[in-house]
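What follows is one structure encoded as structure tokens, with my remarks underneath.
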Amino acid sequence: MAWRAVAYRAVRPLLFSIDPERIHHLTIDALRVGGQSPIGRGLAALAGGALQTDAPVEVAGLTFRSRIGVGAGFDKDAVALRGWAALGLGFAEVGTVTPLPQPGHPRPRLFRLSRDEALINRMGFNNAGAEAVARNLAAARDRLPSGFVVGVNIGRNAATAAENAVADFLAAQAQLAPLADYLVVNVSSPNTPGLRDLQAPRRLRRLLAAMADNGERLSCARPLFVKLAPDLHPTLESAAVGVILANTTLARERLASPAQLTNQAGGLSGAPLLVKTRGLVRRARAVVGDRLAIIASGGIGCAEDAATLIGAGADLLQVWTGLVYRGPGLIGEATRAAVQAEQRVRADTISA
């Protein structure tokens, strides 16, 4: 076991003695402050242990310095981008961002399922709103290293009527697209009533077409990804360049944690999703070929998991819950594993 993993395992009981949402905010604060100083960035690089620029990859017309990024929901308001970059990630996806600020659901709304290395959340798109996030992005952009890509995940406000949902996405796009490298259309969170209705193929095509047209009008056409629920077959004939597989799940299958935790309302993330994520990625790659980029998000908790998903056909990987249970050293492990897995894929392709 790497020394980073040993060190994190030693401090994890202390961290887990703190309310999960509270420690989440403390982590973001530490990344925000640490990312602003050379010493803090040096410590973050040591903790993450990632290959910084050794594995650039072209996906959706963008150059990522590595295949490993942090998924949406960790840094909702884009306040810690320099810290994420210092940890050695190739990209960060911020949000979900809504046009107007909203507080999300009442607490408690984040629960650790430690026996399963999983989380359940019902956050409800708590964020500072598109205007505030745009300011944060503008402040960080020129201070980020070359090859560090920033995605912005957008959604609709909970109070927005279903018939006005498209307008919400377009409003957020107008403020955030000029500062993003790519945009993610979140139509799959289980914590905003009615949001998943937008995954219906006809409605999704209309939404993406409207966003593509809006991007052209704004002279700010950014690659569009769609974040899907785990139970939706990922076939898209639309303006999207890629899919993120997948969001949290409402399923509660084969969990070892106590019922008072597993019965909490919200979306499940973490280790239990790995098998489902791998299956989704494999099926999607078989269906879409090279037409769409695939970002695998769900269940990555070690180097082997990262290699498995690259082998299944993912172009990029996102970590989130794995960082909670394995610590920042997961970034370096996953980065190296992804490089090695990609080399094996290429060798197998050549030999075939």
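No lab work stands behind these numbers, since they all come straight from the coordinates. Because the structure is predicted, anything quoted here is derived from the model rather than measured. Here Cβ is always computed from backbone atoms with ideal geometry, including for glycine, and neighbour counts include all displayed protein chains.
Figures for the structure shown
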| item | result |
| --- | --- |
| In sequence order, calculated HN-Hα J values of region 138-152 (Karplus, 6.51, -1.76, 1.60; Hz; x Gly/Pro) | 4, 5, 8, 3, 6, 9, 9, x, 4, x, 8, 9, 10, x, 10 |
| Karplus-derived 3J(HN,Hα), 6.51/-1.76/1.60, for each residue of region 113-127, Hz, glycine and proline x | 10, 5, 5, 9, 6, 9, 10, 10, 10, 9, 4, x, 6, 5, 6 |
| Simple label model, 7 Å out from Cα along Cβ direction - Gln260 to Glu131, nm | 4.3 |
| Cα pair distances of region 3-351 binned at 10 Å [whole percent] | 6, 27, 38, 25, 5, 0 |
| For the chain, calculated [θ]222 nm from helices alone, where every DSSP H run of n ≥ 4 adds -39500 (n - 2.57) | -13000 deg cm²/dmol |
| Computed FRET value (nearest 0.05) for Arg346 with Val287, which takes r as the C-beta separation and R₀ as 25 Å | 0.70 |
| Distance in nm between pseudo-label sites at Glu253 and Arg205 (7 Å out along the Cβ direction from Cα) | 3.0 |
| C-alpha center-to-center spacing [region 58-84, region 238-288] in angstrom | 20 |
| Protection proxy ranking, peptides 164-175, 258-269, average beta carbon neighbours within 10 Å, highest first | 164-175, 258-269 |
